[in-house]
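*Asks:* Structure provided below as structure tokens; questions to follow.
Since every read-out is calculated from the coordinates, none of them should be taken as a lab result. The model shown is predicted, which means the values in this text are computed figures rather than measured ones. All Cβ positions, even for glycine, are placed from backbone atoms using ideal geometry, and neighbour counts span all protein chains on display.
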Amino acid sequence: MLTIYHNTRCKKSRAGLEYIQKKGLDYKIVEYLKFPLTKDELKNIIQKLNVKPFNLIRTQEAIYKSDFKGKEFTDDEWVDILIQHPKLLQRPIVVNNNKAVLGQPAEEIEKIL
């Protein structure tokens, strides 16, 4: 079963969910803005994605521009920032067992099926 970390207000996230639905795949939705991730959950997702935490930061968000742009942080500090400001997390993230992908564009989800 797939897990999609989803923001209902995000066009790209909705496109990823629609892609999974059209494929007829079993999935569960985690609305991470309503039910925030723990630090361990986020670190696990980052490990499955095989990326640096900064690669999951939405740099176009106002909070990023006002509070974090141009500053240096460790990977662990970026994880803490994502936990404190989940709106900064890129989406959708789709996890299938030990593999994960950022579903932008939605066709990227194919890589973990």
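*Asks:* Those residues that are closer than 23 Å to residue 80 by Cα and touching a strand residue (DSSP E or B) at 6+ places or on another chain (Cβ under 9 Å), I need them from the stretch 9-32; list them, please.
*Replies:* Hits for the stretch 9-32 are 13, 29, 30, 31, 32.
*Asks:* Okay, next question. Being of a type in the set (S, T, N, Q) and touching a Lys or Arg at 6+ places or on another chain (Cβ under 8 Å) is the filter; apply it to the stretch 1-57 and report the residue that is farthest from residue 111 (Cα to Cα). Give the steps one after another, and end with the answer.
*Replies:* Residues of the stretch 1-57 that are of a type in the set (S, T, N, Q), as a first pass: 3, 7-8, 13, 21, 38, 44, 47, 50, 55.
Restricting the remaining residues to those that are touching a Lys or Arg at 6+ places or on another chain (Cβ under 8 Å) gives 3, 7-8, 13.
Values: 3: 14, 7: 21, 8: 23, 13: 17 Å.
Per the stated criteria, the residue is 8.
*Asks:* Same structure, new question: Out of the helices (runs of 4 or more DSSP H) lying entirely within the stretch 1-85, which hold 1 or more residues that are free of Cβ contacts under 8 Å to residues at least 24 places away in the same chain, under 22 Å from residue 112 (Cβ atoms) and not aromatic (Phe, Trp, Tyr)?
*Replies:* Working: elements: 11-22, 39-49, 62-67, 75-84.
Per the criteria, 11-22, 39-49.
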